[in-house]
Structure formats: C-alpha cells, structure tokens
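**Student:** Below you'll find the structure I mean.
The values are calculated or read from the model by the stated rules, or taken from the named source; none is laboratory data. Just so you know, these numbers come straight off a predicted model, no measurement behind them. All Cβ positions, glycine included, derive from the backbone under ideal geometry; neighbour counts span all protein chains shown. Quick note on the areas: whole protein, heavy atoms, side chains included, nothing else; ligands and nucleic acids left out. Shrake-Rupley method; radii C 1.70, N 1.55, O 1.52, S 1.80 Å.
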Amino acid sequence: MMGVPGALACCLVFTLLLSEARATDAETVKLTTTPIFPQIPRSQTSKDFQVLVTVDAPSPPVAGQKGRRVPIDLAVVLNVGGDRARLDSVKKAVRFIIWQLHDDDRLAVIGPSTTRLFGETATGFLDILNGRRNAESSLEKLEPRPRDGQTQQASGLKEAIKMLSELPASTSNRASFIIFVTDTKESVRFSKLAREFPKNLPVVHTFGVGSGHDPKSLLTIAEESHGTYSFVDDAENAIAGAIAVTVSGLKSVAAVKTRLRLEAPAGSGVKIERVESGGYTSAIAGDKNSGEVTVGVLYAGEAKSFIVHLHVPAVHATSSASVEGACDKQHLLTASFFVTDAGDDSGGEGSPPPTSILSVQRPLPDCIAVAATLQKVPVPIVMDHIAQFGVLELVTTFIENEIWELSSITAEVGPTMAAKLQTKWEEFVQARQFWIGLDLATFEVEITKMVNLLAAAGTGGSSPVMVTAYMFSWLSSYQMQRPTAMGSPSSVAPTFVTVTLQLTLQQVTTIVEVHGGGGGGGGGCPPCVCDDACVDAKPPPVFVPSGRHGDSYNINAAYPAELLDVINQAINQMYLALVQASNVKQCNSSGSVEGQRPPRAIA
C-alpha cells in the first residue's frame, strides 16, 4: 500500500483513462433498449419477443469533478460480540464505516439491548462532519452481548426503523439505510415492523457472522426491504471487508425513489406480457399497454438490467409503420427512467427523464435491401442476460423446493441435494447448447461451488449453515444485481464487481491499521493520515481469464463500459508510438507495405 489519499490515488490510477471522458457523461443516467433480433418479418407474429432494457447509473465523479450525490442517513444495528475478539472485529468494521462516509452523511449505531452509541442529538444520529473522533470514542461503549441477546435483535432493528422514521420531513431527499449485523439466531419479521412504521421505509442490508446466525431470516429481511444479505466468518478484517462490499455503494448513492416506465405505442397491438426484474418489483397494466419497475436506490457506476417480453402481432401487407429509410420500421416500446425527488418527477433536478425508443425493422417481402441482411443469430448481450435470469430462476426454484423448509443440511441429505442441483444445471446447459455466442463460464463456476458445498455438508468439509448461507447470499446478489460477500470479502459475484468496490476493499486494511483495532479509537494518529485512506497504485487488470480455456480472456467487469473506448484509444496511441520507435512502416489500405522491401523468406 502507498500512503496516498484515496481520492487522489483513484485519480492517479485512472488519469489516462478518464482524461478524455466528458464530465456530462458522468452526470447522466444512460438508458438503452436492445431487441433479441433487430427485425421481425412483416407477416410474422412474435408471441415472445425479448427486449433487454438497461439502466446505467452515472459513474462516480473523480477528483476535481463535480457530480450529484445523495447524502445518506445510516443506522448500524449490532447484535454481535458473544466474545471480546468478535466484538473487536465489529468495532473495526464500524470504524471503517465512520471514515468512509461523507461529511454530509449522518450515522447512528445501536448496540445490544437497543443501546444508542451516539446521544449528542435528539434524533440519535451524529453528523459525520467534525464528528468522526467522537464517533470512534463512542465505540468503546460497546460491550459483549448479554446472555439474553437472542431476544434483543427485533428490538434493535425496530429502534433503528423508529429513529429513521422520526427524522424531520426535510430529509426526504436523503437516502435511508440500515446495516444489520448479527451472529445469532433471528426471529425478526421485517414486514411486521414495516406496518408499524410505514413512512420512508429504509433498505436493510443484513450480515450474518459465523455459523450461529440464521441465513433464512436474514435473507427474508433483505428481500422484504430490497436490501442484500451477506455472511462472513471471523477471519481478521473479514467483517470490515464484508461490510465494505456494501459500503462501496452506500457512499455513492446517485438517486433515490427511481422507477422504469415501459409503454407500448397506442394502436400498435403490441402488448407487454411480463418483465423479468429479479428482486425489483414490477407491475403491468391490465390492458398490457404499459408497465413499471420500481428500482428505488441507484448507486453511481452500477447497471440494472431487465428483460421485457413483448407480444408483437403481424403487420398487414398494405399497412405502413413509421418509415425510416428504404424499408419500414415499427415502434415497439418506449422506456423512460424517472427519479422522484422532493415532489419532482423527472430524470433528476428537473431535467427530462432519460428515454429510449425501440424500433425494429418490419421488412416487406420485396425489400431486397433488408432481406439480404436479415440477422438470423440473436444479439449476444441479450442472450447473456436471458441466461442470467434463467440461472437465477433455477437457483430460486431449487432453494424454494429443496432447502427453504430444512432446518439443516446434514451429511445424509447433502449429497442427494448436490446430485439434484447438478442434474438441473446439466439440463439447463443442454437446453441452451445451440445458443450461439452464449458464455456460461461464470455460472458454471458458481453452480459447481454450490454442488461441492452441498456434497460436503455436515462431513467436516463445510458447515451446514455456511452451505445455506452461500446459496442465499448468491441469490440475494443476483436478485438485486449488487455485490454481496459470500463468506469473505474476496468471494463476490464477478458480474457485479466495480472499480469503486475494488478501491473500497483496498482501503479496509489501511483504515483498520491506521485507526487501530483496540481501545482508544485510534487516538494519536496524525490528522493528515486519519482523514484519508490509501489504495494500491496499480490498477485492476484490464483482462481476466475467461475460465473456459487457459489462453482465453474477458474484459474485466470492474471497468465501466464507457471507459472501453478510452482504453482502446490509449492502446492505439501506444501502438503508434511503438511503430515509430521501432522504425518500421505501416501497411497501406491495400495491405502492402509502403516504401519497404518485402520480407525475406526464411529457409
């Protein structure tokens, strides 16, 4: 690690890549619609025409660049610490949160028996600005959980919701979250608490520590609140690292109360049959002409993808759709992304909502120009997302039918369940063997790990609780399309890894070491060091092994899509510099070399 402030290090690492990126691009939500095929023959009725709708949040602003960020109110509920060592690990995690939050954020920490650590304000929340030192000192109030701790979790979560619901109405443009950490069995019904406090319900991110927690209860709380569920063991820095996976998003909230609106053109006969939205609530109007997905909180730099299934009727030979160019095109869908902010229903700060209008070609039989170029192969990116939702459905169904009602996965049932999951996966792959360009390598690795964990459950190879926890955490991650810690900070679904997440994880060790893990709250640390964390000077690799072959690679998902063009431009400049430095000549457009003798044949 280098002693470079976090924001500065991020800027130094990505200066080459970001120097040519426009500032306006970092402040605008990007909405795209991609059809499974770019055309539908005019005489054909498509009963299930799939469309990928993707929402790309603006990237986090780099040093010196202004960007819209929503301040947050965060309540941390702690029901851990049956022993001193685990409690110390939890204190490290809370210290990390304190130093990751922004100056305009507010924090409350609730210990066992609803003990409030911050009592300076009537609300129980501490303004982070100039309050970090006091917050660290207050951590020393935490003591190991009392013996009756198992009866205290519901009251701690209830207290957090109550505190957030009582905040002044002027905070409606802020985002509210709860981080709920526990190492014991749960009997908490979030839906019941939600009925008691229906105003501005917070998102709850749950964390199970060790093998004593109840994955089922924590996953239920996460699902009902549209949060995530993670779990972790007691390894050094593991708890802080697991929480860092979630904090990387909380510290860069781009928008709250967001929703995606879908509309079929009036009189077209096009119907919205259903929407695959994972853990996000979706609804379709009775006439199937419109629909909506409630996205809620959106983090900077993340993407949300949904599959819309349309019924597209045939077009009469004599009728004409909107004409664009030589052949007819038909408007099938309009997608709009709305941000409801303090009574404003727009794309944010009064601007028009981002909108994407999807049209496909509906060629006439004699339209030779289009008939010669009809695409017979589905668009790969749409196929990949259809497969992603398919794998999510496979795992969801398996959990509901095989695991949900079990109290424990024993050595007697584990191998049988492993065989069932393996069979279902093989059937899934077999049914898609002719999907050209489909890449299932990542899912193959993840499903194989689930199978191996099930097979070893209860035999000493893996804890029954940890087997369930891994599968539930994976499910939560793919439901919400966000990273979760699946046993450790390094075990995160690669699909949802971002540069912000990687940089945040790099800072965990630095902040823990600088601020100390024991009593005293890190006192005596120079302010110039404490106010910032440092990250590695070396950026994440651009290419990562694909997992399919030893010599094949994929673009690292940590790099936002908008940076790929900048990366290509940088490589192009390096290539041209190499050509000049090597004193060689370039080929002309015909492929021959100008001003250079042909290469000599090798004997």
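**Student:** Say we look at segment 488-504 and pick out the residues that are assigned to a helix (DSSP H, G or I) and surrounded by 23 or more Cβ atoms within 10 Å (Cβ to Cβ); which of these is modelled with the lowest pLDDT?
**Tutor:** The qualifying residue modelled with the lowest pLDDT is VAL499.
**Student:** In addition: Which numbered condition trips up ILE357, out of (1) farther than 30 Å from VAL253 by Cα; (2) outside any helix (DSSP H, G or I); (3) open to solvent by 50 Å² or more (accessible area, probe 1.4 Å); (4) at pLDDT 90 or above?
**Tutor:** ILE357 satisfies every listed condition except (1).
Every residue, every condition in (1) at pLDDT below 95; (2) under 30 Å from GLN39 (Cβ atoms); (3) within 26 Å of the chain's Cα centre (by Cα), yes or no:
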{"residue": "LYS288", "(1), (2), (3)": "no, yes, no"}
{"residue": "VAL293", "(1), (2), (3)": "no, yes, yes"}
{"residue": "LEU298", "(1), (2), (3)": "yes, no, yes"}
{"residue": "LYS304", "(1), (2), (3)": "no, yes, yes"}
{"residue": "HIS316", "(1), (2), (3)": "yes, yes, no"}
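**Student:** Please report, ordered by residue number, the strands (runs of 3 or more DSSP E) entirely within segment 209-301 with at least 2 residues that are buried (at least 24 other Cβ atoms within 10 Å of the Cβ).
**Tutor:** So the answer is 229-232, 253-263, 290-299.
**Student:** Keeping to segment 329-351, report how many residues are open to solvent by less than 20 Å² (accessible area, probe 1.4 Å), assigned to a strand (DSSP E or B) and at pLDDT below 80.
**Tutor:** Going through segment 329-351 one residue at a time, the tally reaches 1.
**Student:** Still on this structure: Can you run down the residue pairs with Cβ atoms below 9 Å, 6 or more apart or on separate chains, where the first is in segment 443-463 and on the phi > 0 side of the Ramachandran plot and at pLDDT below 95 and the partner is in a helix (DSSP H, G or I) and open to solvent by less than 20 Å² (accessible area, probe 1.4 Å)?
**Tutor:** Correct list of pairs: GLY458/GLY414; GLY458/VAL467.
**Student:** Let me ask you something else. Would you please list the contacts, defined by Cβ atoms under 7 Å and residues six or more apart or on different chains, that run from a residue in segment 379-400 that is closer than 18 Å to VAL51 by Cα and of a type outside the set (Ser, Thr, Tyr) to a residue that is open to solvent by 40 Å² or more (accessible area, probe 1.4 Å) and in a helix (DSSP H, G or I)?
**Tutor:** none
**Student:** Got at least one residue in segment 129-151 being more than 19 Å from GLY212 (Cα to Cα), modelled with pLDDT of 85 or more, part of a loop (DSSP other than H, G, I, E, B) and open to solvent by less than 50 Å² (accessible area, probe 1.4 Å)?
**Tutor:** no
**Student:** Is it the case that some residue within segment 105-121 is farther than 30 Å from PRO378 by Cα, modelled with pLDDT under 80, among the small types (Gly, Ala, Ser) and outside any loop (DSSP other than H, G, I, E, B)?
**Tutor:** Yes - at least one qualifying residue is present in segment 105-121.
**Student:** Could I ask something else about it? Go through segment 448-470 residue by residue and tally those that are crowded, with 23+ Cβ neighbours inside 10 Å and not in a strand (DSSP E or B).
**Tutor:** Going through segment 448-470 one residue at a time, the tally reaches 5.
**Student:** What is the residue count in segment 395-441 for residues that are among the hydrophobic types (A, V, I, L, M, F, W, C), touching a Leu at 6+ places or on another chain (Cβ under 8 Å) and open to solvent by 30 Å² or more (accessible area, probe 1.4 Å)?
**Tutor:** 2
**Student:** Please enumerate the residues belonging to segment 224-258 that are among the acidic types (Asp, Glu) and closer than 23 Å to SER490 by Cα.
**Tutor:** ASP233, ASP234, GLU236 - these are the residues of segment 224-258 that are among the acidic types (Asp, Glu) and closer than 23 Å to SER490 by Cα.
**Student:** Follow-up. State all residues of segment 385-415 that are modelled with pLDDT of 95 or more and either in a loop (DSSP other than H, G, I, E, B) or farther than 14 Å from MET471 by Cα (or both); if no residue qualifies, say none.
**Tutor:** Residues satisfying the conditions are HIS385, ILE386, ALA387, GLN388, PHE389, GLY390.
**Student:** Looking at segment 176-193, can you tell me whether even one residue there is among the acidic types (Asp, Glu), over 23 Å from ASP105 (Cβ atoms), in a loop (DSSP other than H, G, I, E, B) and at pLDDT 70 or above?
**Tutor:** Yes.
**Student:** Please work out which residue is nearest to TYR470 (Cα to Cα), limiting yourself to segment 420-442 and to residues that are without any contact (Cβ under 8 Å) to a residue 24 or more places away in the chain and in a helix (DSSP H, G or I).
**Tutor:** LYS420
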